[in-house]
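Colleague: Attaching a single structure in structure tokens format; questions to follow.
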Amino acid sequence: MATKYHNLFNTIEIGKLRIPNRLAVAPMTRVSAGLDGRVGPLMEEYYEGFAHGGFGLIITEGLYTDRLYSQGYKYQPGMTCHDHAQSWKPIITRVHKQGARIYAQLMHAGALSQYNPYANQNAGPSMVRPQGRQMPFYYGEGPYPMPEAMTQRDIAMVVKGFAQAARLAQLAGFDGVEIHGANGYLLDQFLTTYTNKRKDCYGGVLTNRLRIYKETLKSVRAAVGKDFVVGVRFSQKKVNDTNYIWPEGEAGAAEVFELMKQCGADYIHTTEPKIDNPAFENSNSLASLARKYSTLPVIANGGITDPKLAAQVLKNNEADIISLGKTALANQDWPNTIKRNQTPKNFTFDMLSPHATLECARDYFQRKS
Ligand SMILES: Cc1cc2nc3c(=O)[nH]c(=O)nc-3n(C[C@H](O)[C@H](O)[C@H](O)COP(=O)(O)O)c2cc1C
């Protein structure tokens with residue numbers, strides 16, 4: 001049966017690599033690795049499930065990048081050593097066998113860390129206690145602790161950590177890496193005015209607040225060479241603040257996205273609560289601003305349940321790929337379901353309760369079957 005939404009199933013190239021369709025799994029932390037940061041068999045099945053269900057691209061959950069301040073969660077996977085990298089090989093092989101691509105998301109939690117055996121304290125751009133409370137579904141509780149302010153040496157180590165992690169991911173066989181610059185984690189803490197009170201060249205005007213992105217992207221690119229896919233994720237909202245809007249408006253967005261292109265990014269991934277909402281008053285969506293100012297391929301994310309909206313965003317040239325988070329958790333086979341003109345299932349947070357683990361999701365689906 002021919003699908004109504006055929007443009008979701010066209011191929012596309014990012015960098016030198018062909019992706020079989022326009023449907024990606026958004027990065028989702030599942031706190032299901034070992035305490036040592038290595039991944040195991042349950043995660044093989046999980047990631048293969050999306051590829052088997054027709055997703056052309058999978059972006060992994062955020063992997064911590066160093067053994068200093070980067071780890072955010074207990075049972076979060078890492079990408080800090082050969083053993084971490086090797087543990088992903090069976091997943092990569094199984095995803096590739098289904099014809100899909102897989103990028104590793106590299107993440108530094110900074111002041112939002114809820115668990116880190118490598119440091120006694122959290123660290124971020126400045127001594128500003130994060131808003132909100134730690135997330136229980138990632139084993140956190142209570143307010144976030146006060147972080148210490150990173151020195152310039154700490155920042156240099158962050159940048160080095162991203163570059164080393166990217167190289168390890170490349171050696172493991174990933175098709176690309178995505179630098180997590182969104183959702184309130186370390187890079188976004190530098191970009192955000194109220195968490196960055198620095199007086200040095202990493203604080204103040206937007207160009208300075210973007211310096212850590214520039215340095216990270218450039219050193220990742222130097223570590224992996226010109227042909228390996230490197231992307232960056234951006235959002236205005238954060239896991240602990242759903243109201244933030246970039247204070248420089250569209251002019252600021254232009255500076256952000258132009259810089260990413262100059263620094264050698266292959267794509268931008270944007271996330272907003274709703275994919276097609278105007279990013280600012282009288283402006284277009286964040287995805288379409290990313291596309292306009294970077295001229296790079298854009299992956300857009302946010303609140304997709306309806307294939308019609310996904311197809312519309314592509315048709316309007318607002319993005320090149322659509323990524324799905326919660327809808328993909330409820331429907332690992334969403335692309336195949338849509339292709340067959342069937343109705344997907346609804347997501348519920350019961351799937352991530354009490355923890356966002358694969359075990360809790362498995363129990364949920366067993367209860368329902
Ligand atoms: C359980 C869960 C874990 C997430 N973990 C990450 C993550 O590791 N990295 C990231 O960039 N975004 C993460 N996100 C955000 C998603 O990638 C996505 O942006 C968000 O769920 C909104 O998209 P959706 O409406 O399609 O779910 C997570 C979301 C969920 C639900």
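Colleague: For the stretch 114-139, name all the residues that are without any contact (Cβ under 8 Å) to a residue 60 or more places away in the chain and open to solvent by less than 10 Å² (accessible area, probe 1.4 Å).
Modeller: 123
Colleague: Then there is this: Do we have any residue at all in the stretch 42-56 that's touching a strand residue (DSSP E or B) at 6+ places or on another chain (Cβ under 9 Å) and of a type in the set (Asp, Glu)?
Modeller: No.
Colleague: Something else about it: Looking only at residues that are hydrophobic (A, V, I, L, M, F, W, C) and not in a helix (DSSP H, G or I) in the stretch 146-165, which one is least open to solvent (accessible area, probe 1.4 Å)? First the steps, then the outcome.
Modeller: First, pick out the residues of the stretch 146-165 that are hydrophobic (A, V, I, L, M, F, W, C): 146, 149-150, 155-159, 162-163, 165.
If we keep only those that are not in a helix (DSSP H, G or I) too, we end up with 146, 149-150.
Details: 146: 72, 149: 49, 150: 7 Å².
Here the residue is 150.
Colleague: Hey, another quick one. Consider only pairs whose beta carbons are under 7 Å apart and that are at least six residues apart or on different chains; among these, list those whose first residue lies in the stretch 168-186 and is at positive phi and whose second residue is within 16 Å of the ligand (Cβ to nearest atom) and open to solvent by 10 Å² or more (accessible area, probe 1.4 Å).
Modeller: The qualifying pairs are 183/238; 183/239; 184/238; 184/239; 184/240; 184/241.
Colleague: Next question. Exactly one of these conditions fails for residue 2: (1) touching a residue at least 40 places away in the same chain (Cβ under 8 Å); (2) farther than 21 Å from residue 161 by Cβ. Give me its number.
Modeller: So residue 2 meets the others, but not (1).
Colleague: Still on this structure: Taking interchain pairs and intrachain pairs at least six residues apart, which have beta carbon atoms under 9 angstrom, with the first residue in the stretch 231-243 and at pLDDT below 95 and the second open to solvent by less than 20 Å² (accessible area, probe 1.4 Å) and within 11 Å of the ligand (Cβ to nearest atom)?
Modeller: none
The values are calculated or read from the model by the stated rules, or taken from the named source; none is laboratory data. Keep in mind it's a predicted model, so treat the numbers as computed, not measured. Using ideal geometry, Cβ is built from the backbone for each residue, glycine included, and neighbour counts are taken over all protein chains shown. To get the accessible areas, we keep the full protein, side chains included, count just its heavy atoms, and leave off ligands, DNA and RNA. Shrake-Rupley method; radii C 1.70, N 1.55, O 1.52, S 1.80 Å.
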